[in-house]
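Scroll down for the structure; my scribbles are underneath it.
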Amino acid sequence: SIGRGAFRFCPSLTNITIPNGITSIEYDAFRGCSSLTSVTIPSSVESIYDDAFSYCYSTIKYDFSQHTRIPILANTTADKTPFNLINNICKIIVPDDLAAEWIIKPNWSTYADYIYKVSEINGGGDDGNAVTDANGNILQDSNGNNIEFTESVTLISFTIAGKSYQAE
């Protein structure tokens with residue numbers, strides 16, 4: 001298991017792939033890891049305890065895509081949940097065949113609006129036109145649609161921190 005408070009308030013963590021063989025993520029394990037953007041959780045994880053990922057404001061992806069069963073969210077209460085104060089654009093990625101059950105499972109139903117099937121994220125597979133970030137995650141617009149380039153794209157405009165840029 002990843003013990004209680006093991007990485008609590010560790011701002012240097014940005015991406016985590018939890019090793020296969022870990023069976024539980026204990027209370028406060030990653031609480032307050034403010035730079036954490038992506039977490040891959042292997043199928044060996046059977047339980048996640050309250051506040052395990054609380055206050056991880058930057059996390060936009062929890063990947064459970066390799067799971068064959070739904071992990072238990074243990075010891076949760078109304079004010080203490082594993083993903084307390086989840087980022088509003090966060091996606092909890094689950095296997096297609098478990099998604100319907102996942103969103104109604106006790107304690108997981110709280111996160112139903114954040115749960116996405118693998119096929120919804122990957123769009124049935126990358127056709128080579130998908131726009132990805134440095135970690136290979138397919139970028140999406142504010143409506144959850146994959147952003148793709150077509151042959152007709154000749155100019156890209158974007159804004160970072162209030163400053164506009166163009167690339168041809």
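None of the figures in this text is laboratory data; all of them are computed from the coordinates on show. Fair warning: this is a prediction, and the values are worked out from it, not measured in the lab. Glycine also receives a Cβ, built like all others from the backbone with ideal geometry; neighbour counts cover every protein chain displayed.
What the table below lists for this structure:
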{"read-out": "Cross-chain or 6+ apart pairs with Cβ under 8 Å, region 88-103 first and within 16 Å of TYR57 (Cβ to Cβ), then assigned to a helix (DSSP H, G or I) and of a type in the set (A, V, I, L, M)", "value": "LYS91/ILE121"}
{"read-out": "Some residue of region 23-32 being touching a residue at least 12 places away in the same chain (Cβ under 8 Å), under 24 Å from ILE121 (Cβ atoms), surrounded by fewer than 21 Cβ atoms within 10 Å (Cβ to Cβ) and among the acidic types (Asp, Glu)", "value": "no"}
{"read-out": "Selection count where residues are over 16 Å from SER34 (Cβ atoms) and within 18 Å of the chain's Cα centre (by Cα), scope region 3-21", "value": "4"}
